[in-house]
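> Below: one structure in structure tokens.
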Amino acid sequence: MTIKNQYGIVKIAIASGKGGTGKTTLATNLAAYLSGKQKIILADLDVEEPNSGLFIRVERKHEEIMYKMIPGWEEDKCTFCGLCQEVCNFNAVLNMGKLILVYPELCHSCYACSELCPEGALPMKKQRMGVLKHFSNGKINFIESKLDIGQEQAVPLIAQTLDYVDKHSENESLVILDSPPGTSCPVIEATKEADKILLVTEPTPFGLHDLKLAVETMEKLDKEFVVVLNRYGVGNAGVEEYCKENDIRIIAMIPDDRQVAELYARGKLVYKKSSAFREALDRIAEYILEN
Amino acid sequence: MKIAFTAKGPNWNSKIDPRFGRTEYLLVYDTSTEELKSIDNRDIENEAHGAGPKTAGLIYESEAEVIITGNGPGENAARALEKAGVKIYTGAEKMKIKEALEAFNNNQLKEYN
Amino acid sequence: MKEIVVISGKGGTGKTSLTAALAYLADGEAVIADCDVDAADMHLLLSPDFSHDEDFYSGEVAHIDTDLCTSCGLCMEKCRFSAIHRVNEEYSVNEIDCEGCGYCARICPVNAITMNDQLAGKFYISTTRLDNTLVHARLGAGAENSGKLVAKVKKKARTLAEKESKDYVIADGSPGIGCPVISSLSGADYVVVVTEPSVSGMHDLKRVLELVHKFDIPASCIINKHDINPGMTNEIEDFLRSSNILHLCNIPYTASFTSAITKGITIMENGEDQMLVREAWRKIKEDINSK
């Protein structure tokens, strides 16, 4: 069986309201498990702390430096009128009287200072923000991007990584996106183009609280989503009751297992050792297949 | 010479604010006139990001050559101050302004770099 | 009064459970601040009364007054975030995509665009069931944590601690290494890092400690779930020794953390006497008061 839609490509985003729910474990295992059956692209969009690569051992195929556009100051043209500092809403441009300082990590690349400068003294130029790496072993294409230390804005790098993924999706590919945790802008960027979203959570009050926030975000985006309940067996029935009351489908439950935590801690794939985990992956594959 | 302080209040008895970018006041002491000028920086709490550079800009405008503070600025603000030739001294977070000035005069503060 | 901030690079290390345990042990001598605003779970363990709340605004969002708009299209042309849409000659702003740069408002020839403060969430001051004060916040969907919000939470907590003559502020810090973490650490007297012995735990520990070191704040470390990967635990212990970080304790993987969350209580109230945590708190107090 292969998974595809009318365009031949299905994009699945795996997200969670908070970190540490098993999102990366699920994304990497799902990719490895299904790679026996069809072409898979796994993209780690948690660009601040990408770690899917710790679990997927494949050869590097390509590496490129990723850039964003920021204003570059040209001293000989500048009259220090201060308009650039005034128009910047992000404190990214500072007029120091004898020099103009630009803070790349605060700059949102809105072009306002550059295009409004009366002297044309701030032309936009490329600024390094991180590195994209593409690995492949013929079955899995694994793509990850990592922000350079000190860079604070994940959104532009996520957007460019998704463009790269789109360019490298072949016919009949299944694209799995490991989204950053939380409910803020990076998550929205990572999930807004996905066909289906899996929200991973655990059956505890923390899990329920964060799931509610994630659901609120998905509803704001008007996205189709389902829940995968990880560490099933610990905690209580709160998540299940909430999902039932709100007509949210739980498509798979992964039993709580100390072995899973141990394998994860050692950077090992889990599904090879756990039949319960494999069964959950089968349920998820069935869901992805549905129209 | 002018010496600036990050402060929690507007006078000599105020405490040093350990935060750089989000300091509540900037006090500027002019050694030639012995005057202490206070700049209210409390509006900084409205800035979501980039508080450090903004405060560094104020220090530049105040013409201070030295800034005395607590934890020290983040990298962004440190770069601006360095370019403006302002020297940064840290470790005064538990002192009052007058004590911090004395500590500075006795070379008891740490130069940040 | 001393401010203690608990941080961890990655999610799921038990940071919030341990912060709540410290809040319990501080026994009325501390004001608690939840700065982990993206996953603000502290209230689930401490049952605050939400007695005081106020709206919290962060950043701006553009709004087009359609009565004034002449449909010239300049805003749409200039917007780098594709946030302005046109339907039948009527222009509007997609609030999810708007970055709040204000460029459109500045260049609109008829001043039809205003920048409005964006409602980001709610800010609370509560009394908990343990009878201490908790300062916390809740973000709306798609809103992001910021240095601003963390600074506000911490400032409120400090002011209240001074007013109530408390010995400590105990803050659950923000995850990651970006602006909110800088704001979490800035002004703190002491840092406790919670980590776990996994490949990503070690990786993130090194990154946050770099930051702590730069700010010159004394730090100590708790290794949670130490027994899921003894080899990695040894590596972390070696790393702590070589970087002069006080190693507080190793806590074994135990069901007690999850079951306490389920009951909505701290691990200190969950039957077992958590001697290790009690001892850790004693060492923290000793260490902090010797500085």
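> Among C:Cys104, C:Cys69, A:Ile140, which residue has its Cα furthest toward the positive end of the charge dipole of the protein assembly as shown, with +1 on Lys/Arg Cβ and -1 on Asp/Glu Cβ?
Of the options given, the answer is A:Ile140.
> Also, quick follow-up: Using only the alpha-carbon atoms, how far is helix C:275-290 inclined from the longest principal axis of chain C? Give it as 0 to 90 degrees, nearest 10.
Approximately 80 degrees, to the nearest 10.
> For the stretch A:92-106, just list the computed ³J(HN,Hα) in residue order, Karplus coefficients 6.51, -1.76 and 1.60, θ = phi - 60°, integers in Hz, with x standing in for Gly and Pro.
The phi angles translate into 8, 10, 10, 8, 9, x, 10, 8, 10, 9, 10, 9, x, 6, 8 Hz.
> How far apart, in nm, are two points set 7 Å out from the Cα along the Cα-to-Cβ line at A:Glu115 and at C:Glu237?
Placing both labels 7 Å beyond Cα along the Cβ direction yields 6.0 nm.
> Give me the three principal axis extents of the stretch C:61-118 from the C-alpha atoms, as integers in angstrom, largest value leading.
24, 19, 17
> I've got another one for you. Can you give the Rg to Rh ratio of the stretch A:108-217, both from alpha-carbon atoms, with Rh computed by the Kirkwood formula?
Numbers: Rg = 17.9 Å, Rh = 16.8 Å.
Radius of gyration relative to Kirkwood radius: 1.06.
> So for C:Thr127, C:Thr195, fewest C-beta neighbours within 10 Å to most, what's the order?
Values: C:Thr127 16, C:Thr195 32.
So the residues, fewest neighbours to most, are C:Thr127, C:Thr195.
> Summing -39500 (n - 2.57) over the DSSP H runs of n ≥ 4 in the protein assembly as shown and dividing by its residue number, what mean residue ellipticity at 222 nm do you reach, to the nearest 500 deg cm²/dmol?
Details: 22 runs with 225 residues, N = 695.
Using -39500 (n - 2.57) per qualifying helix, the result is -9500 deg cm²/dmol.
> Determine the relative contact order of the stretch A:73-122: mean sequence separation of Cα pairs under 8 Å and six or more apart, normalised by residue count, in whole percent.
Numbers: 66 pairs, mean separation 21.7, N = 50.
So the answer I get is 43 percent.
> Could you derive backbone 3J(HN,Hα) for the stretch C:156-169 from the dihedral phi with the Karplus parameters 6.51, -1.76 and 1.60 (θ = phi - 60°), listing whole Hz in sequence and x where the residue is Gly or Pro?
Each residue of the stretch C:156-169 in turn: 4, 4, 5, 4, 5, 4, 5, 5, 8, 6, 8, 7, 9, 10 Hz.
> Over the Cα atoms of chain B, each weighted equally, I'd like the Debye log10 I(q)/I(0) at q = 0.11, 0.14, 0.15 Å⁻¹, rounded to two decimals.
Taking Cα atoms of chain B as identical point scatterers yields -0.28, -0.45, -0.53.
> Take the Cβ-Cβ distance between A:Glu241 and C:Leu246 as r, set R0 to 51 Å, and report the resulting FRET efficiency rounded to the nearest 0.05.
Working: r = 43 Å, r/R0 = 0.85.
Taking R0 as 51 Å, the efficiency between A:Glu241 and C:Leu246 is 0.75.
> Once you have the alpha carbon radius of gyration of the protein assembly as shown, what is it after dividing by 2.2 N^0.38 Å, with N set to its residue count? Could you put the intermediate results ahead of the total?
Details: Rg = 25.6 Å, N = 695, 2.2 N^0.38 = 26.4 Å.
Relative to the rule-of-thumb radius for its length, the protein assembly as shown sits at 0.97.
> Here's a follow-up. Quick check: Cα centre of the stretch A:231-291 to Cα centre of the stretch C:76-139, how many Å?
With the stretch A:231-291 and the stretch C:76-139 each reduced to a Cα centre, they are spaced 36 Å.
> Restricting to Cα atoms and excluding each atom paired with itself, what does the Kirkwood estimate give for the stretch A:73-122 in Å?
Kirkwood radius, the stretch A:73-122: 10.7 Å.
> Roughly how far apart, in whole Å, are the Cα centres of the stretch C:15-72 and the stretch B:80-97?
32 Å
> Label-point separation (nm) for B:Glu99 and C:Glu95, each offset 7 Å from Cα along Cα-to-Cβ?
4.8 nm
> Right, something else. Helix C:199-214 versus the longest principal axis of chain C: what is the Cα-based angle in degrees, 0 to 90, to the nearest 10?
Rounded to the nearest ten degrees, it is 80.
> Using bins 10 angstrom wide from zero, how does P(r) for the stretch C:35-75 break down, in % of all Cα pairs?
Per 10 Å bin, starting at zero, the Cα-Cα P(r) for the stretch C:35-75 comes out as 17, 31, 17, 15, 17, 3 percent.
> Take every DSSP beta bridge with both residues inside the stretch C:1-150 and express the antiparallel ones as a percent of the total, to the nearest 5. Walk me through the intermediate numbers first.
Values: 22 of 24 bridges.
Bridges in the stretch C:1-150 are about 90 percent antiparallel.
> Using a Cα distance threshold of under 28 Å, what count of lysine pairs results for the stretch A:81-175 when pairs must be 8 or more residues apart or interchain?
11
> Can you tell me which of C:Ser82, C:Ser220, C:Ser17 moves the most in a GNM of chain C? Springs connect C-alpha atoms under 10 Å apart.
Maximum among the listed residues: C:Ser82.
> Next question. Apply the Karplus parameterisation 6.51 cos²θ - 1.76 cosθ + 1.60, with θ equal to phi minus 60°, to every residue of the stretch C:11-18 and state each ³J(HN,Hα) to the nearest whole Hz, in sequence, with x for glycine and proline.
x, x, 8, x, 4, 5, 4, 6
> With unit charges on the beta carbons (Lys and Arg positive, Asp and Glu negative) and the dipole taken about the Cα centre of the protein assembly as shown, which residue among A:Gln85, A:His168, C:His136 sits farthest to the positive side?
Ranked along the dipole, the leading option is A:His168.
> Across bins of 10 angstrom width beginning at 0, how are the C-alpha pair distances of the stretch C:1-127 distributed, in whole percent?
Binned Cα distances yield the sequence 11, 30, 19, 16, 17, 7, 0.
> Assign unit charges at the C-beta atoms only (+1 for Lys and Arg, -1 for Asp and Glu), then state the dipole size of the stretch C:76-231 relative to its Cα centre in Debye, rounded to the nearest 20. Before the final figure, lay out each step's value.
Details: 19 positive and 19 negative charges, 64 e Å.
Using only the charged Cβ atoms, the result is roughly 300 debye.
> Please list, ordered by chain and number, the residues whose modelled amide H lies under 5 Å from the amide H of A:Lys125; skip anything fewer than 5 residues away on the same chain.
Close amide H contacts, sequence-distant or interchain: A:Ile70, A:Gly72.
> Once amide H atoms are built 1.01 Å from N in the peptide plane, which residues 5 or more positions from A:Lys268, or in another chain, come under 5 Å H to H?
none
> Using alpha carbons only, how many angstrom separate the centre of the stretch A:91-150 from the centre of the stretch B:18-49?
30 Å
> Taking the stretch C:196-242 on its own, what percent of its Cα-Cα pair distances exceed 18 Å?
Values: 264 of 1081 pairs.
Value for the stretch C:196-242: 24 percent of Cα pairs lie more than 18 Å apart.
> Give me the percent of DSSP beta bridges within chain B that run antiparallel, rounded to the nearest 5. Write down the numbers at each step before the final one.
Working: 16 of 22 bridges.
The answer is about 75 percent antiparallel.
> In addition: I'd like the antiparallel share, as a percent to the nearest 5, of DSSP beta bridges with both residues in the protein assembly as shown. Please list the in-between numbers first.
On the way: 60 of 121 bridges.
In the protein assembly as shown, DSSP labels about 50 percent of beta bridges as antiparallel.
> Okay, moving on. Can you list the equivalent-ellipsoid semi-axes of the stretch C:157-259, largest first and in whole Å, using the square root of 5 times each Cα gyration tensor eigenvalue? Present the calculation step by step, with values, prior to reporting the outcome.
Working: eigenvalues 133, 59, 31 Å².
Result for the stretch C:157-259: semi-axes of 26, 17, 13 Å.
> If you average the sequence gap of Cα pairs under 8 Å that are 6 or more apart and divide by the length of chain B, what percent do you get for the contact order?
This gives 29 percent for chain B.
> Rank the residues A:Lys196, B:Lys98 as a footprinting-exposure proxy: fewest other Cβ atoms within 10 Å of their Cβ go first. Let's see the in-between values first.
Details: A:Lys196 18, B:Lys98 15.
Final ranking by Cβ density, sparse to dense: B:Lys98, A:Lys196.
> Related question: Which cross-chain or sequence-distant (5 or more) residues have an amide H under 5 Å from the amide H of A:Ala252, H modelled 1.01 Å from N in plane?
A:Leu229
> Just to confirm a number: summing +1 for Lys and Arg and -1 for Asp and Glu over residues other than A:Pro205 whose beta-carbon lies under 11 angstrom from that of A:Pro205, what do you get? Walk me through the numbers before you get to the answer.
Details: positive: A:Lys212, C:Lys263; negative: A:Glu202, A:Asp210, C:Asp41.
Neighbour charge sum, excluding A:Pro205 itself: -1.
> Sticking with this one: If you put +1 on each Lys and Arg Cβ and -1 on each Asp and Glu Cβ, how big is the dipole of the protein assembly as shown around its Cα centre, in Debye rounded to 20?
On the way: 78 positive and 102 negative charges, 316 e Å.
Here the protein assembly as shown has a charge dipole of around 1520 debye.
> Something else now. Treat every Asp and Glu Cβ in chain A as -1 and every Lys and Arg Cβ as +1, leave all other atoms uncharged, and give the resulting dipole magnitude about the Cα centre to the nearest 20 debye. Write out the running numbers ahead of the final one.
Details: 34 positive and 42 negative charges, 211 e Å.
Using Cβ point charges on Lys, Arg, Asp and Glu, chain A gives about 1020 debye.
> On average over all directions, what projected area in square nanometres does the stretch C:38-192 have, based on the convex hull of its Cα atoms? Let's see the in-between values first.
On the way: hull surface 46.4 nm².
The directionally averaged projection comes out at 11.6 nm².
> Cα gyration tensor of the stretch A:157-291, axes a ≥ b ≥ c as square roots of the eigenvalues: rounded (a/c below 1.5), prolate (a/b > b/c) or oblate? If you can, show how the numbers build up before the last one.
Working: a/c = 1.62, a/b = 1.19, b/c = 1.36.
Here the stretch A:157-291 falls in the oblate category.
> Considering all alpha-carbon pairs of chain A, what whole percent are spaced by more than 34 angstrom?
29 percent
> Say R0 is 30 Å: what FRET efficiency, to the nearest 0.05, do B:Glu45 and A:Arg128 get from their beta-carbon distance? Before the final figure, lay out the partial values.
Working: r = 32 Å, r/R0 = 1.07.
Plugging the Cβ-Cβ distance into 1/(1 + (r/R0)^6) gives 0.40.
> When Lys and Arg each count +1 and Asp and Glu each count -1, what net charge do the other residues less than 10 Å away from B:Asp17, Cβ to Cβ, add up to? Could the numbers behind the result be given before it?
Values: positive: B:Lys8, B:Lys15, B:Arg19, B:Arg22; negative: B:Glu24, B:Glu93.
Charge balance near B:Asp17 sits at +2.
> Taking the beta-carbon count within 10 Å as an exposure proxy, list C:Met115, B:Met1 from fewest neighbours to most. Write out the running numbers ahead of the final one.
On the way: C:Met115 18, B:Met1 10.
Listed from fewest to most nearby Cβ atoms, that is B:Met1, C:Met115.
> Continuing with the same structure: Extending each Cα 7 Å along its Cβ direction at A:Asp76 and C:Arg86, get the distance between those two points in nm, one decimal.
4.0 nm
> For chain C, what relative contact order do you get, as a whole percent, if you take Cα pairs closer than 8 Å and at least 6 residues apart? Don't jump to the answer; show the numbers that get you there.
Numbers: 581 pairs, mean separation 79.2, N = 291.
Relative contact order for chain C comes out at 27 percent.
Read-outs: derived from the displayed coordinates by stated rules, not from any lab. Everything quoted here is computed from the prediction, not taken from an experiment. Every residue, glycine among them, receives a Cβ derived from its backbone with ideal geometry; neighbour counts consider all protein chains shown.
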